[in-house]
1. Net charge around Leu193, counting only other residues with Cβ within less than 9 Å of its Cβ (Lys, Arg = +1; Asp, Glu = -1)?
2. Taking the Cα centre of the chain as origin, sum charge times position over the Cβ atoms of Lys and Arg (+1) and Asp and Glu (-1), and report the length of that vector in debye to the nearest 20.
3. Roughly how many Å is it from the Cα centre of the range 314-354 to that of the range 399-448, as a whole number?
4. Could you rank the peptides 39-52, 478-491, 459-472 by their average count of other C-beta atoms within 10 Å per residue, with the highest value first?
5. Given only helices, namely DSSP H runs of n ≥ 4 each adding -39500 (n - 2.57), what is the per-residue ellipticity at 222 nm of the chain, to the nearest 500 deg cm²/dmol?
6. Sum up the charges of everything whose Cβ sits under 9 Å from the Cβ of Thr434, counting Lys and Arg as +1 and Asp and Glu as -1, but leave Thr434 out.
7. Translational D (Stokes-Einstein, µm²/s) of the chain at 37 °C and 0.692 mPa s when Rh comes from the Kirkwood sum over C-alpha pairs?
8. Cβ neighbours within 10 Å, averaged per peptide: list 130-142, 149-161, 84-96 in order, most packed at the top.
Amino acid sequence: MGLFAQAPSNWFHLNNDQGYNGVATDNAYKITKGKNSSTIIVAVLDSGVDVEHEDLKDNVWVNPGEIPDNGIDDDNNGYIDDINGWNFIGGEKGNVNHDTYEATRLYKRYKYKYEKANPSELSKAQKKEYALYEKVRDEVESKKENAETRMTSIQETETMVLNAVTALEKALDGKDLNTENLKSIDVEGKPALMNGVNMVLEAISQGEEFGTIENLRTAVLDQFTGMKERFRDQIEYAYNIDFDPRPLIGDNYDDPYQKNYGNNDVEGPDAFHGTHVAGIIGAVRNNSLGMDGIATDVRIMSVRTVPNGDERDKDVANAIIYAVDNGASIINMSFGKGYSWDKSAVDAAVRYAAKNDVLLVHAAGNSAQNNDNTDNFPNDTYKKKKFFGPKAAKNWVEVGALSFKQGEDLSAPFSNYGKQNVDIFAPGMAIYSTTPDNNYRNAQGTSMASPVVAGVAAMIRSYYPSLSAQQVKQVLMDSSVKLTDQVIIPGGDGELTSFANLSVAGGTVNAYKALKLAATVKGKKRKKKGKTSQNNIRP
């Protein structure tokens, strides 16, 4: 609460003159008065979107060729009743909520093969696989063990705190839970009671107000429930090699190029993340509800791709292809992982998006790591370079997260960075946006910075539709606000560097400057390539 309270809820829309390194949204719209705009479809590849949210529903994409709920693929795109998008992590049996991490899946993949292997007898190719097996085995087993240890510790602490609350309840004997009454309690020789008094006095000094013992007990239980859920998820799902939710979907997972699986539930069981992302891009502006998104003339297409765990490459590839085939001009991807199961399948989809002039915007990750030195997937670098083809996708923007703070704290402390592999930074801390069931909340991450850039890109494409995806990226980069502050390197133990060293652009996205620059750029005529048969999209 204290962290978010330091920034106004709309800070990411503000500008330097207002004390924040936001994207100057309002200033940008002042220079678009009188200009025509085109509606831009932005696909949100995420956990799902609450398409009925009060602040989103008017800007949700509706498939014009599909008749709702008739059980027929009216537009013949291979997906039945895909009214607002598609869900690639669901099927007739239900939806995937939890899934494993990619490291866990790779550990399981190679365990049967190398668990009892003699490294000296392996071929060169096998030794490479064996090294990966050892790496993911050690990572999964150590992190699962750590999660189990943390869970035990949390449970023990919870018991201790609840005992303190009970002792406090007995001592107060019905009196109000306030500073005066707490200080009047005799705690000598009563350690549980002393812990309870000190705990609540400290909380009150930090601005917390409980009023009653029951409110205190509820607050304690809520806090510990959240902590236990995090580590329970790691133990039971994320690092559990025996857990496999894929049968719910019913696809042939061994076929990375299989299409037309999933269902049309674009919200899914937990749409918090995707709904928050969608609001940043396109929550209806100036409607006196909740918050304003960045783009005005926009439609949000929900393509459910990301579970509570790591997304799967097959689903990411299919989600990109679906978005392209159904008219998306921009695709936001606020997800990532340290390993890739089938990068070639994703690369094929990225090439398909490039061929069809679709801009891909991707979150750089929240591990406070240098992406120039450490893998982060998916990414713009192709695993296999085609003859005379580019080494990297030119329609890809990789986004780091900016703090609302100034000076040394300019970069979000969790953000990944990289002078070569992170393109640009954008606001990503204390971002207030839409959440399911007509709610709103702060969240932070490069997951929030990416849709900021996607929203600005949608503005550019809306007012200057002749600009190609590659030109839009260049406009974003060239118009960025260059920052040379000495900042704390994320994860660097306080070491400083120039903010310019954290990304290719050396700055942060700015909608006002981007629209001014876009007005001076001559759009490149797009080639009418037409859609490729989905079944022919291969590396």
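What follows is calculated from the coordinates using simple rules that are stated; it is not laboratory data. Bear in mind that the values here come from a model prediction, so they are computed numbers and not experimental data. Here the Cβ positions follow ideal geometry from the backbone for every residue, glycine too, while neighbour counts run over all protein chains shown.
1. Within the 9 Å Cβ shell, the charges total +1.
2. 3380
3. Going from one Cα centre to the other spans 22 Å.
4. Output ranking for 39-52, 478-491, 459-472: 39-52, 459-472, 478-491.
5. Rounded to the nearest 500, the figure is -11000 deg cm²/dmol.
6. Local charge sum for Thr434: -2.
7. 131
8. Output ranking for 130-142, 149-161, 84-96: 84-96, 130-142, 149-161.
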